[in-house]
Structures are given as C-alpha cells and as structure tokens.
Amino acid sequence: MADAGTRRPLDVLVIDDHPFIRVAVERMLRKLGIRRVVTAENGLDARQKLDASERPDIIFCDLSMPQEDGLSFLRWLSEHRADIPIVLVSGEENEVLQAAQRLGKSHRLDVAAVLPKPVSLERLRGVLDDVGLLQSTETSARSQLPQLSADEIAHMMVEQCFEVWYQPQIATSSRQVTGFEALLRLRHPDLGLVPPVAFIGVAEQNGLIKSLTRFVTSESIRMCGSWRQAGLDLGVAINISAYLLEELDALDHLNALCAEHDVPNHNVTLELTESALTTDGTKLLEIMTRLRMNKFKLSIDDFGTGYSSLEQLKGLPFHELKLDKGFVLDAVNDTRSRAILENSLRLALDLKLKTVAEGVETQSHLDLISELGCDVAQGFLIAKPMPAADVADWTLEYLAGLE
Ligand code: C2E
Ligand code: CA
Ligand code: CA
C-alpha cells in the first residue's frame, strides 16, 4: 500500500517514547488544525513511518528515548531527510537542549525550535506559526482557493477539462474492496488540478450542476462497466445534488446508462446530502421510492453535519448512512465526536442501514470504526482519490496484498 502514489499523507510526525506525551501533543496539534499527525515511539519507528508516508511539514522529536535516542535520529535524518524541519523537545535542562540544537545545526539540519517539556498549546502554536504551518492546514488552504465563476465553469465544460476521480471503499470485516466513490476534479490550464470545493457551490447556484452530474454519472457508470469486464464486481457511488433529483428524466438516464454498460442498477449508489433533501418532501419521497424500486442504492451523505436529517431519515427509503469525515477524524481523540459517531452507528443499526465512514486516515480510525460496527471504510489510509486509469491496477494490487 505504500508506493509513491499511495503513501499516507502527513503534516506532522511526533516522536516520543511516552504514550501520554504522544497523545497529548497529537491532541494539541489537532486543536490547532493540523489533521494528519503520525506518532512514533522511537527513532527506529519514526524511520519506518517516514518511509511509509509523504514528507511531513515538520517533525517533533524527543531527545531521550530508549533503543535509538533523539541524537542518533538526528544523525540519520541529516543523512537521509535533511530537508524536513525538526523541533527538539526535551525535559532535560536547558544546556542539553542548546547542545542538541547546536548538534542538529552542525548536521546541517533545519532545527526550527527547541521546546522544553511540558509542551503547552501556546508554545506549540508559536512554533507552528513561526514555520508558517498554521496557515497551511487543510481548511485554510482550501478556503484560499479561488471560487471559479459560472462563465469559467461553463467554458471548462466545453473544453472538456473535467475529470472523474475514484476513491475506494473497503468492507471493515473482510477488507475486500466494495466499490469506489466518484469525485469530480477540474484540470485547469492555469491552476492545475482543482478540487470540487472551488466549483460545486457555484455550479449548484447556476444550474450548471445538472450537466456536471450528467457527466459524472455517464463517466462513472461507464467505468463501472469496464471494471466488470475486467472481472471486478465493484460498486460506484455518485454525489447527487438537489437539482438533479428534480429532473424528470434522471431515472431514465440512469437506467439507460446501466443497460448500455451492462452494470446492474444495484451496483450504483446515489449519495444525497441534506441540501438535496430540502426539496419538497412528497415529491422527494416519490422520486426516491421510484429509484429504489429500480434497485438503485440510496445513501445519506455527510451524516452528522446537520440534525434535520435525523427526522427525515425515518421516512425516506435509504440503504446507507455515510458518516462525515469530521467526526471520524476527531473521534479518536475527542469524546464528543466519538459519542456522535457511536450514536449514529446505533441509529443506523436500528434503521437497518449499511454504514460507511469517510475520513479514515489512520489505523486508529479504522480500528475504532470497525470496533463500533461500521460496515465500510473510505479514506486516505486505504487510498486517496485516483484517476480512472489507476483504478483497476490499484484494486488488483490491493487484493493481491490481502492474500
Ligand atoms: P464528500 O461527498 O464528502 O466526499 C468525500 C471528500 O472527502 C472528498 O473530497 C475526498 O477526497 C475527501 N476524503 C476522502 N478520504 C479522506 C480522508 O481520509 N481525509 C480527508 N481529510 N479527506 C478525505 P473532494 O474530492 O475534495 O470532494 C469534496 C466534496 O465535493 C465532496 O464531499 C462532495 O460533496 C463534492 N463533490 C465531489 N464530486 C461531486 C460531484 O460529482 N457532484 C456533486 N454534486 N458534488 C461533488
Ligand atoms: Ca459523497
Ligand atoms: Ca463528507
């Protein structure tokens, strides 16, 4: 699972032999908006984790550890990954910290700071701010993305710059791949690969979402057919906006696509967010019932981000509840998120719904959701979204790794 394309993403690596300190620092980093934190208990462990991950933005390293101490790790780092900034953390007296800092510098390492223990949130914030990391957390980076104008989106559609990428979902019990979620990407001539956050909202307000969804639907059902031809019986999940539900011929379109590409309707899941559920209730119920009679699967997306859906859930013919990544990401460290996760899973069980957790970034996330009885996992731990051309190879390689 750890070739260059599927290395786990990583913002910060924390190395400390004390489990309590690892948990405490990780929790503080998350509070500061750093999402992808990996911890290691000694230098050796850290080297393995670095090998399996993308380059972290920074490393926090304790100095005194059994097996391989911080000083040997500094030497290794200088020989292999000197480009990664490091913060030295220690409970030793100041002289030792200063000496270690000089040692790091003489190794030509980028020693960003030295932090005496105990590490406080404020000190951590100061260090992250100094190295510019507070600005580059995912949410702020994303909110800095320009919103494209409706004209530009329309133009990009004519130029065929949109692509569908796919992210795998696996069964938590058997670890088998169950299917892929189709996710839009825009290959912009100037901006490079642009994520949906930069254009979906605008497209929804301008009616452009209709053609975009048609594009994703046609592409992904065609791909699903090609996977079947390659002997892979996989599902495909498509994000559907409110607008499409109101289209009278949406069902005909879906039926025709499945027939054309020899895909059973039950291999297609339609993911609806709460915004899609705000349409007129009776009409929605009619459309959903008809989709379900035609054997399409219906999933409630981003579950947990709003509460109105709880009521609606009871009356609507869903198959699946998809837990939002925010809760999954935070549940490992935050008892409130964990409670929401547990309750949602219990609710799903009562309503006999299949459950999918997104945002499974680490083994602890996977362990937690499996323990709580969630059926399917999706997230960076398994794989990031990938271009269509990579899906079959990735799947075969993944399945081979299971044997
Ligand atoms: P979503 O439906 O909640 O899709 C999951 C998002 O979480 C994807 O972001 C995916 O890349 C990201 N993700 C998956 N695993 C992880 C993880 O382990 N950690 C983290 N931090 N993130 C993870 P993406 O592709 O940027 O899509 C964002 C949203 O854009 C989607 O959220 C969906 O609401 C919307 N979207 C994407 N494609 C379409 C589309 O074809 N139609 C419509 N209407 N909306 C779409
Ligand atoms: Ca989705
Ligand atoms: Ca989500």
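Readers should treat all values here as calculations from the given coordinates under stated rules, not as data from a laboratory. For clarity, every value in this text was computed on a predicted model and none was experimentally measured. Heads up, the Cβs are rebuilt from the backbone with ideal geometry, glycines too, and the neighbour counts pull from every protein chain shown.
Scattering from the range 248-403 was approximated by placing one identical point on each alpha carbon and applying the Debye formula without solvent; log10 I(q)/I(0) at 0.11, 0.12, 0.17 1/Å stands at -0.51, -0.61, -1.10. Each label point was placed 7 Å from the Cα along the Cα-to-Cβ direction; for E92 and E246 their separation is 6.7 nm. Close amide H pairs (under 5 Å, H built 1.01 Å from N) link F60 with L13, V14, I15, V87, residues at least 5 positions away or on another chain.
Report the FRET efficiency, 1/(1 + (r/R0)^6), for K31 and E286, where r is their Cβ-Cβ distance and R0 is 60 Å, rounded to 0.05. In this case the efficiency is close to 0.85. Return the whole-Å distance between the Cα centroid of the range 36-82 and the Cα centroid of the range 213-237. Their Cα centres are 42 Å away from one another. Between N343 and L134, the modelled labels are 3.3 nm apart [label points 7 Å from Cα along Cα→Cβ].
Cross-link partners for K314 among the aspartates and glutamates, with Cα-Cα distance under 12 Å and sequence neighbours closer than 8 places in the same chain left out: D350. Oblate is the label for the range 179-261, because a/c, from the alpha-carbon gyration tensor with a ≥ b ≥ c as root eigenvalues, is 1.5 or above and a/b does not exceed b/c. Its DSSP H runs of at least 4 residues, each contributing -39,500 (n - 2.57), put the calculated 222 nm mean residue ellipticity of the chain at -13000 deg cm²/dmol, to the nearest 500.
With the simple model of a label 7 Å out from the Cα in the direction of the Cβ, H80 to V23 spans 2.9 nm. For the range 12-143, a/c is less than 1.5, where a ≥ b ≥ c are the root eigenvalues of the C-alpha gyration tensor. That puts it in the rounded class. Given their separation in residues at 0.36 nm each and the Cα-Cα distance between them, H266 and A99 gain 53.7 nm when the chain is fully extended. Classify the range 74-128: rounded, prolate or oblate, from the alpha-carbon gyration tensor (a ≥ b ≥ c, eigenvalue square roots; a/c under 1.5 rounded; otherwise prolate if a/b is larger than b/c)? Oblate, since a/c reaches 1.5 and b/c is not below a/b. Translational diffusion of the chain was estimated from the Stokes-Einstein equation, with Rh taken as the Kirkwood radius over Cα pairs; at 37 °C and 0.692 mPa s the coefficient is 142 µm²/s.
Rounded to the nearest 5, the antiparallel percentage of DSSP beta bridges internal to the chain is 30%.
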